[in-house]
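The values are calculated or read from the model by the stated rules, or taken from the named source; none is laboratory data. Nothing here was measured: the structure is a model prediction, and the numbers come from that model. As a convention, Cβ positions derive from the backbone with ideal geometry for all residues, glycine included, and neighbour counts pool all protein chains shown. These area figures cover heavy atoms from the full protein model, side chains too; ligands, DNA and RNA do not enter into them. Shrake-Rupley method; radii C 1.70, N 1.55, O 1.52, S 1.80 Å.
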Amino acid sequence: WFSPNWKGFTAVVAYSADPATASEADIGSTVRKGSAWNIAPQYNAKNWGIGYSYWKAKNDGGPTQPAGVGNPFDERRGDRFNGHYQWGGFRLGFVYDKSKFKNNVTGLQTSKRDAWSIPARYDWGKNSIFAHYTEADDDKSFVHPTTGLIGDTGAKMFAVGYAYSMSKRTKVAVSYAKINNDSGASYQLFTNSGSLGSGANTVTASQDPSNFALTITHNF
């Protein structure tokens, strides 16, 4: 559900009966039935804005859990806060994210991580410069396989770019991004994941991926 705009205030509310698996467990099934909620209010004024996003989900649980969707008994929660302020053509933002997994069978927390990001942008004429710096803290529930200690799972990322609007519908841009992973971290760039990347781009622990991009965008 997308709300109307009430003097700058908007909200998105979404529900899923099965957020990750291919099919929902039948009514008579003994497999735990999944569900997910996302509630995201936002307020935007003339030159500033604030917002919050709440996410809570659990998958259908059972011995045939599909690969890649985590423990079938995990319950996932994410809380994200955002804000921005704009001075003329300069815009500065802030994002803070807190995520955690909990095993519903044992009651134990299996993962907990905080992350934050500061994006910035400056526009003048047909030109735009943009950048961001992001940090992900250590997973407070992860035990390092070598040291046996909790830690070394954080990462830092920065990106910078320039865009030029050739017309109202065509834009060219150049950008560079890099992630520095701790010894137990394997964060990767968005273009390395899913259908956008190849198997050769898979990042393993402690590797530091980077990306240089030249793009042309035309809106039809």
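Can you find, within segment 94-109, the residue that is farthest from Gly51 (Cα to Cα) among those that are open to solvent by less than 60 Å² (accessible area, probe 1.4 Å) and in a strand (DSSP E or B)?
Of everything passing the filter in segment 94-109, Asn103 is farthest from Gly51 (Cα to Cα).
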Within segment 49-65, considering residues that are part of a loop (DSSP other than H, G, I, E, B) and open to solvent by less than 60 Å² (accessible area, probe 1.4 Å), the one modelled with the lowest pLDDT: Gln65
Of (1) of a type in the set (A, V, I, L, M, F, W, C); (2) modelled with pLDDT of 75 or more; (3) closer than 30 Å to Asn181 by Cβ, Trp37 fails just (3)
What are the residues in segment 97-135 that are of a type outside the set (S, T, N, Q) and under 25 Å from Asn59 (Cα atoms), if any? Asp97, Lys98, Lys100, Phe101, Lys102, Val105, Gly107, Leu108, Lys112, Arg113, Asp114, Ala115
Could you go through segment 19-34 and let me know if any residue there is within 27 Å of Pro4 (Cβ to Cβ) and either modelled with pLDDT under 60 or not in a loop (DSSP other than H, G, I, E, B) (or both). no
